[in-house]
Amino acid sequence: MHKRYQNARFVTSAASVASLPPETGAEVAFAGRSNAGKSSALNRICHQKALARTSKTPGRTQQINFFDVGEGRHLVDLPGYGYARVEKSRQRQWGAFLQHYLLERGALRGLILLMDIRHPLTPLDEQLLNLCREAGVPVHVLLTKSDKLKRGQATTARREVKKRLEAEGLHAEVQLFSALNGEGLEAVQARLDDWLGFGPPAGADAAAETSGPEAG
Ligand SMILES: Nc1nc2c(ncn2[C@@H]2O[C@H](COP(=O)(O)OP(=O)(O)OP(=O)(O)O)[C@@H](O)[C@H]2O)c(=O)[nH]1
Ligand SMILES: [Mg+2]
């Protein structure tokens, strides 16, 4: 099992560009519509129940939360977009922030775009993808809540999303993910390792050792 992210810990919240923490090391951000499953994915990846707060109420995560995963690397939980009950002015503010973050954040190595497998590629997702292309930020797509569909349906959904992205000239990887049953966990962890510049995870024999992931 991949243990690197188990020691993740909350560092800070930022509500504006001005309050972003200093750019040290590398970071990967998790973005997507409200309720897409960003916080749940982070918790699953880090094997923690409540690292990031999840909720049945869309719009739970309203600030940008930074999690330290060791050696100066960070995972970033972004507030969801597209929640209809958030006022327009606030939505615009969020859009401006996101744009600034994607264009200016030197530490940003890539963006994990999470979309509910049953409602992928909404207009706001497309906007974000275009922004990432402009900013030269690599994207990796998680089709979340894959446990909600039958096998065949999930595979078809993945193929369709891949096809639409290719048609738009976007070469993002697209994978299934479930925070509930762990589908796709290793694949996204490998992607994070790669972007954050961690070496390959320790082998199975290392799992038996008592030393932490920072040892060696
Ligand atoms: N069945 C299933 N439900 C999930 C999965 N991931 C998340 N959920 C549920 O979806 C809802 C939203 O999950 P969150 O992780 O809070 O979503 P979020 O994207 O962080 O939402 P905001 O913070 O509002 O942007 C919760 O009720 C979760 O329990 C999954 O893989 N499978
Ligand atoms: Mg959240």
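No value in this document is a laboratory result; all are computed from the given coordinates. These numbers come from a predicted model, not from an experiment. For neighbour counting, all protein chains shown are included, and Cβ atoms are generated from backbone atoms with ideal geometry for every residue, glycine included.
Quick rundown of the values:
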quantity: Full-extension gain in nm, ALA18 to GLU173, via 0.36 nm per residue minus C-alpha separation; calculated: 52.6 nm
quantity: Total charge dipole magnitude, the chain, about the Cα centre, Cβ charges on Lys, Arg, Asp, Glu only, Debye to nearest 20; calculated: 1040
quantity: Percent antiparallel among DSSP beta bridges (both partners in the chain, rounded to 5); calculated: 30
quantity: The stretch 4-200 - Rg and Dmax from Cα coordinates, angstrom; calculated: 15.6, 46
quantity: For HIS74, residues with placed amide H under 5 Å, excluding near neighbours; calculated: ALA26, GLU27, VAL28, VAL69
quantity: Sorted by Cβ neighbour density within 10 Å, fewest at the top, the residues VAL17, VAL76; calculated: VAL17, VAL76
quantity: Charge sum, other residues only, whose C-beta stays under 11 Å from THR122's C-beta, Lys/Arg counted +1 and Asp/Glu -1; calculated: -2
quantity: Inter-part distance where the stretch 108-125 and the stretch 137-191 are each reduced to a Cα centre, Å; calculated: 10
quantity: Reach of LYS163 by Cα under 27 Å, taken over lysines that are not fewer than 8 positions away in the same chain; calculated: LYS38, LYS145, LYS148, LYS150
